[in-house]
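*Asks:* Pasting a structure below so you can have a look.
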Amino acid sequence: AENEPSWGTPCTQLLVHVSTPGCDGFPNLDSKEGYNLTVSKGSMLLSADTIWGALRGLETFSQLVGRDENGTYCINETEIVDFPRFPHRGLLLDTSRHYLPLRAILETLDVMAYNKFNVFHWHIVDDPSFPYESSTFPELSKKGAFNAMTHVYTASDVRAVIEYARLRGIRVIPEFDTPGHTLSWGPGAPGLLTPCFVGKEPSGVYGPINPILNSTYQFVTGLFQEVSTVFPDFFLHLGGDEVDFTCWKSNPKIRAFMKEVGFGEDYRKLESLYIQRLLDIVSFLGKGYIVWQEVFDNEVKVRPDTIIHVWKENVMEYKEEMANVTRAGYQVLLSAPWYLNRISYGQDWREAYKVEPLDFQGVPEQKALVIGGEACMWGEYVDVTNLTPRLW
Amino acid sequence: RYYEYMFGHSRRRRWGRRPLAARAEPELSELQVVIEAPEPGCDSHPHLASREAYHLIITEPVAILKAEEVWGALRGLETFSQLVHEDDYGGFLVNESEIYDFPRFAHRGILLDTSRHYLPLKSILTNLDAMAFNKFNVLHWHIVDDQSFPYQSTYFPELSDKGAYSCNLVYTPTEVRLVIEYARLRGIRVIPEFDTPGHTQSWGKGQKDLLTPCYNGKQPTGSFGPVNPILNTTYDFMTKFFKEISSVFPDKYIHLGGDEVDFSCWKSNPEVKEFMKKQGFGTDYAKLESYYIQKVLDIVSSYKKGQIVWQEVFDHKAQLKPDTVVQVWMENNYAHELSSVTGAGFTAVLAAPWYLDYISYGQDWKKYYSVEPLNFPGSEEQKKLLIGGEACLWGEFVDATNLTPRLWPRASAVGERLWSSSNVTDLQDAYKRLTNHRCRML
């Protein structure tokens with residue numbers, strides 16, 4: 001214990017006390033982020049259960065330090081007991097619609113830390129491009145990236161993001177969205193996507209992942225095996241949104257399969273079949289998963305600890321969805337009112353601020369299933385030239 | 001600077017080394033720029049009647065860029081730089097071409113607002129570069145307004161001393177000169193706007209008794225309204241102030257504003273009410289506004305400057321000078337307004353459909369591109385009176401952190417609409433060129 005400085009002497013030290021260190025570990029959904037910050041004459045103390053809480057407290061402390069007209073740094077006497085309301089506070093970046101150079105991602109992680117965000121939801125691949133360099137399937141980015149030399153994330157880039165995030169108490173949850181949103185996967189994985197037909201002839205166009213082939217599941221296993229190792233967080237986001245059934249319907253082999261298994265004309269059952277097998281694969285790899293709301297809406301059988309991500313925007317609709325999802329007992333993440341890519345004139349931050357995530361019909365047990373939310377910055381009209389002023 | 005634009009950003013710059021093998025293709029070794037008029041204009045400032053046409057003939061071994069005045073040469077140089085492209089081996093190529101080009105409209109402007117948020121010099125200069133890439137030729141500098149007065153006046157230093165956001169968020173005379181010269185070298189006119197009698201809150205901080213004191217019954221409330229139109233001191237001030245402005249800004253035109261004058265403060269002031277009675281204006285405060293504006297128009301005229309005003313000045317029936325330009329900005333039924341303005345014989349500039357500060361999700365450049373400025377009822381002569389338009393980026397939600405991505409490349413759509421022929425309207429073709437152009441500008 002240091003000597004207590006006397007009254008009037010400037011504070012020169014912020015003592016940081018962490019009860020359960022874990023500096024070498026990764027933050028997770030259950031991490032405790034509470035902290036106590038006491039600033040009084042002669043001593044400043046930041047204490048937290050975990051290093052993650054200490055990070056939050058450090059951010060707060062840095063915001064409290066001011067400067068007077070003479071340039072002297074000063075801070076008010078303060079007593080703060082702080083902890084987050086929601087444990088999952090995320091930001092989605094889309095690096096498929098437009099590639100984002102590493103520095104843009106790292107800069108975003110910095111600003112996330114200033115705002116106590118703790119989850120980076122990396123929507124890394126999608127229809128337009130596949131920038132993720134896979135060691136198991138190098139052709140994916142070689143054929144699927146906008147430019148295989150300049151517009152990819154190498155293994156070392158990915159490691160850099162994960163570590164940079166970790167040092168800021170931010171979890172990195174990658175999203176490999178399937179079976180839709182996968183056009184860029186096709187060139188590097190021939191036979192993966194469903195060939196669409198016009199009558200009896202293939203049209204040359206491809207649709208979602210082909211759910212009736214064994215090779216599909218072999219591929220998916222291989223890819224997710226790698227992804228599970230590369231990304232340390234317990235959770236993976238598996239997507240599952242906006243699956244367009246028209247291509248499946250046009251494919252004769254798929255129609256034959258539908259008849260064989262007795263699904264009739266209900267293609268949601270085929271989607272379910274794929275998703276269920278995917279969830280089993282991912283579970284077996286020891287990961288938990290988050291899926292977009294369609295997986296729930298289409299009545300896919302998911303594990304009880306699946307997290308459902310609500311995104312569809314109609315006001316009444318999303319509140320009803322929150323109620324339905326939680327009534328069925330699933331944990332839920334809210335993004336619907338926070339699609340920040342949908343810009344409009346004026347102070348639209350107010351609309352985002354006014355959202356009350358628990359404002360839906362449900363009993364307290366349901367409300368407890370809301371683990372948080374995510375602000376989404378989809379990339380259709382966003383790249384490094386406008387990301388920062390659009391997001392912050 | 002065009003050499004740098006074309007060859008400087010090469011990804012595979014080969015510092016002057018020429019390929020070892022002789023190239024089979026014809027080689028272009030020189031672009032000759034020929035300016036034909038006896039007065040090329042290199043030392044003067046661009047103006048509304050500047051000739052911007054150019055003739056570009058690209059053929060081996062020497063290409064020729066011919067223009068009457070240097071302003072046309074600048075436009076041609078921009079086009080030439082867009083035609084030069086780099087192949088995968090670091091060689092630069094240009095197609096054999098012959099282009100004869102000239103602008104459809106003579107006034108092609110961008111409005112920047114440096115009062116709602118101060119814009120550092122660098123932002124303004126970067127923007128002038130972007131304007132040159134898009135053949136814009138007018139910077140409408142909305143330099144002061146209610147929120148702040150960053151223009152450092154030599155006759156009235158208190159205006160910015162008291163009215164700027166802070167002492168370092170000002171434009172000194174040197175900086176103003178820099179902007180004007182940087183613009184001139186790109187063939188861009190700088191038209192300053194000193195908007196009165198409304199939009200002047202910041203003027204009152206440094207100029208006592210300029211603004212009208214508002215009243216609540218018999219008591220002044222302590223707040224102020226538009227410029228006080230009934231005092232002689234007001235016109236003494238304006239006379240001196242616009243003398244300075246007329247000499248600082250070389251362009252033939254000054255924008256005098258005149259928009260959105262809120263009459264409530266005037267109505268509340270007993271002396272103003274008294275004046276209204278004496279003048280026989282009754283309760284028609286538009287007449288008082290016109291009375292004020294006419295006097296300012298006279299003042300500015302006496303300094304041999306032309307004036308541009310916002311549409312309300314015309315709408316409220318002030319007596320304009322024959323060469324006063326009316327800027328149409330209200331979006332509702334602007335075609336009708338264009339008819340009225342040109343029908344009354346006045347020159348018009350269109351801004352209404354091009355308020356780029358009104359952002360929205362998606363490809364809104366398409367709606368800016370699709371505007372046809374001459375789509376208003378009127379005769380041939382009337383249509384000739386529409387001299388161009390301006391893309392406006394009002395500053396309520398804009399500062400140096402977001403100016404460039406917010407303004408560009410959306411303003412490019414307006415630039416093409418104002419330069420190119422009326423039949424250049426294909427959105428798909430424009431999309432292809434716009435995406436390339438954007439990457440080039442970056």
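The values are calculated or read from the model by the stated rules, or taken from the named source; none is laboratory data. Here the structure is a predicted model, which is why all the values come from computation and not from measurement. Virtual Cβ from ideal backbone geometry, glycine too; neighbours counted across all protein chains shown.
*Asks:* Can you pull out every residue in region A:300-322 that is in contact with a helix residue (DSSP H, G or I) (Cβ under 7 Å, 6 or more places away or on another chain) and more than 29 Å from residue A:381 (Cβ to Cβ)?
*Replies:* Of everything in region A:300-322, those that are in contact with a helix residue (DSSP H, G or I) (Cβ under 7 Å, 6 or more places away or on another chain) and more than 29 Å from residue A:381 (Cβ to Cβ) turn out to be A:300, A:301, A:302, A:303.
*Asks:* Let me ask you something else. I'd like the residue in region A:359-378 that is away from every other protein chain (no Cβ under 14 Å) and of a type in the set (A, V, I, L, M) and, out of all such residues, is farthest from residue B:357 (Cα to Cα).
*Replies:* A:363
*Asks:* Within region B:239-250, does at least one residue satisfy the condition of being in contact with an Asp or Glu (Cβ under 9 Å, 6 or more places away or on another chain) and modelled with pLDDT of 95 or more?
*Replies:* no
*Asks:* Can you tell me which residues in region B:395-416 are closer than 22 Å to residue B:135 by Cα, more than 11 Å from chain A (Cβ to nearest Cβ) and in contact with a His (Cβ under 8 Å, 6 or more places away or on another chain)?
*Replies:* Within region B:395-416, B:412 is the sole residue that qualifies.
*Asks:* A further question on this structure: Can you name the helices (runs of 4 or more DSSP H) wholly within region B:265-318 that have at least 3 residues being surrounded by fewer than 20 Cβ atoms within 10 Å (Cβ to Cβ)?
*Replies:* Where helices (runs of 4 or more DSSP H) fall fully within region B:265-318 and carry at least 3 residues being surrounded by fewer than 20 Cβ atoms within 10 Å (Cβ to Cβ), they are B:270-279, B:285-302.
*Asks:* Among B:69, B:39, B:25, which is the only one that is more than 28 Å from the chain's Cα centre (by Cα), among the acidic types (Asp, Glu) and farther than 15 Å from residue B:183 by Cα?
*Replies:* Result of the check over B:69, B:39, B:25: B:25.
*Asks:* Might you let me know whether region B:332-344 holds any residue that is touching a Ser or Thr at 6+ places or on another chain (Cβ under 6 Å), closer than 20 Å to residue B:312 by Cα and surrounded by 15 or more Cβ atoms within 10 Å (Cβ to Cβ)?
*Replies:* No: region B:332-344 contains no residue that is touching a Ser or Thr at 6+ places or on another chain (Cβ under 6 Å), closer than 20 Å to residue B:312 by Cα and surrounded by 15 or more Cβ atoms within 10 Å (Cβ to Cβ).
*Asks:* Let me ask you something else. Would you pick out the residues in region A:206-226 that are touching a residue at least 40 places away in the same chain (Cβ under 8 Å) and assigned to a loop (DSSP other than H, G, I, E, B)?
*Replies:* A:210, A:211, A:212
*Asks:* Same structure again: Checking residue A:126 against (1) crowded, with 22+ Cβ neighbours inside 10 Å; (2) part of a strand (DSSP E or B); (3) charged (D, E, K, R), which test does it fail?
*Replies:* Residue A:126 satisfies all of (1) crowded, with 22+ Cβ neighbours inside 10 Å; (2) part of a strand (DSSP E or B); (3) charged (D, E, K, R) except (2).
*Asks:* Applying the selection to region A:306-353, what residues are under 19 Å from residue A:94 (Cα atoms), within 14 Å of chain B (Cβ to nearest Cβ) and touching a Pro at 6+ places or on another chain (Cβ under 8 Å)?
*Replies:* If the condition is that a residue be under 19 Å from residue A:94 (Cα atoms), within 14 Å of chain B (Cβ to nearest Cβ) and touching a Pro at 6+ places or on another chain (Cβ under 8 Å), then A:313 is the only one that fits.
*Asks:* Would you mind listing the helices (runs of 4 or more DSSP H) fully within region B:131-222 where at least 1 residues are at pLDDT 95 or above and over 22 Å from the mean Cα position of the chain (by Cα)?
*Replies:* B:158-163, B:201-206
*Asks:* Same structure, new question: Does residue B:146 satisfy the condition of being crowded, with 21+ Cβ neighbours inside 10 Å and assigned by the TED database to the domain that holds residue B:372?
*Replies:* Judged against the criteria, residue B:146 is not a match.
*Asks:* From the residues in region A:363-392 that are more than 30 Å from residue B:431 (Cα to Cα) and assigned to a loop (DSSP other than H, G, I, E, B), which one is nearest to the chain's Cα centre (by Cα)?
*Replies:* Among those residues, the one meeting the criterion is A:369.
*Asks:* Another question, if that's okay. Can you list residue pairs whose Cβ atoms sit under 8 Å apart, with the first residue in region B:249-272 being closer than 16 Å to residue B:212 by Cβ and the second being part of a loop (DSSP other than H, G, I, E, B) and charged (D, E, K, R)? Count only pairs 6 or more apart in sequence or on different chains.
*Replies:* B:270/B:218
*Asks:* Only strands (runs of 3 or more DSSP E) wholly contained in region A:11-95 count here; list those with 1 or more residues that are under 30 Å from residue A:145 (Cα atoms).
*Replies:* The qualifying strands (runs of 3 or more DSSP E) are A:88-94.
*Asks:* Quick check on residue A:59: is it in the same structural domain as residue A:23 (by the TED database), touching a residue at least 24 places away in the same chain (Cβ under 8 Å), out of contact with any strand residue (DSSP E or B) (no Cβ under 9 Å at 6 or more places or on another chain) and of a type in the set (D, E, K, R)?
*Replies:* Against the criterion (in the same structural domain as residue A:23 (by the TED database), touching a residue at least 24 places away in the same chain (Cβ under 8 Å), out of contact with any strand residue (DSSP E or B) (no Cβ under 9 Å at 6 or more places or on another chain) and of a type in the set (D, E, K, R)), residue A:59 qualifies.
*Asks:* Out of A:141, A:203, I need the residue that is farther than 22 Å from residue A:275 by Cα and either part of a strand (DSSP E or B) or outside the structural domain of residue A:376 (by the TED database) (or both). Which one?
*Replies:* A:203
*Asks:* For residue A:194, work out the one condition from (1) within 24 Å of the chain's Cα centre (by Cα); (2) buried (at least 19 other Cβ atoms within 10 Å of the Cβ); (3) hydroxyl-bearing (Ser, Thr, Tyr); (4) farther than 21 Å from residue A:384 by Cβ it doesn't fulfil.
*Replies:* Residue A:194 satisfies all of (1) within 24 Å of the chain's Cα centre (by Cα); (2) buried (at least 19 other Cβ atoms within 10 Å of the Cβ); (3) hydroxyl-bearing (Ser, Thr, Tyr); (4) farther than 21 Å from residue A:384 by Cβ except (1).
*Asks:* Please specify each residue of region B:283-300 satisfying the condition of being farther than 15 Å from residue B:226 by Cα and in contact with a strand residue (DSSP E or B) (Cβ under 7 Å, 6 or more places away or on another chain).
*Replies:* B:297, B:300 - these are the residues of region B:283-300 that are farther than 15 Å from residue B:226 by Cα and in contact with a strand residue (DSSP E or B) (Cβ under 7 Å, 6 or more places away or on another chain).
*Asks:* Right, something else. Considering only region B:417-436, I want to know if a residue exists there that is within 14 Å of chain A (Cβ to nearest Cβ), surrounded by 13 or more Cβ atoms within 10 Å (Cβ to Cβ) and in a loop (DSSP other than H, G, I, E, B).
*Replies:* No: zero hits.
*Asks:* Considering only residues that are charged (D, E, K, R) and in contact (Cβ under 8 Å) with a residue 40 or more places away in the chain, which ones fall in region B:69-95?
*Replies:* Correct list: B:75, B:78, B:86.
*Asks:* Condition test on residue A:356, is it among the charged types (D, E, K, R), in a helix (DSSP H, G or I), away from every other protein chain (no Cβ under 14 Å) and farther than 30 Å from residue B:442 by Cβ?
*Replies:* no
*Asks:* Just give me the residues in region B:386-413 being under 19 Å from residue B:425 (Cα atoms) and touching a Lys or Arg at 6+ places or on another chain (Cβ under 9 Å), in sequence order.
*Replies:* Selection gives B:388, B:389, B:390, B:391, B:409, B:412, B:413.
*Asks:* Quick one: is residue A:338 surrounded by 14 or more Cβ atoms within 10 Å (Cβ to Cβ) and either touching a residue at least 40 places away in the same chain (Cβ under 8 Å) or not assigned by the TED database to the domain that holds residue A:177 (or both)?
*Replies:* No, not satisfied.
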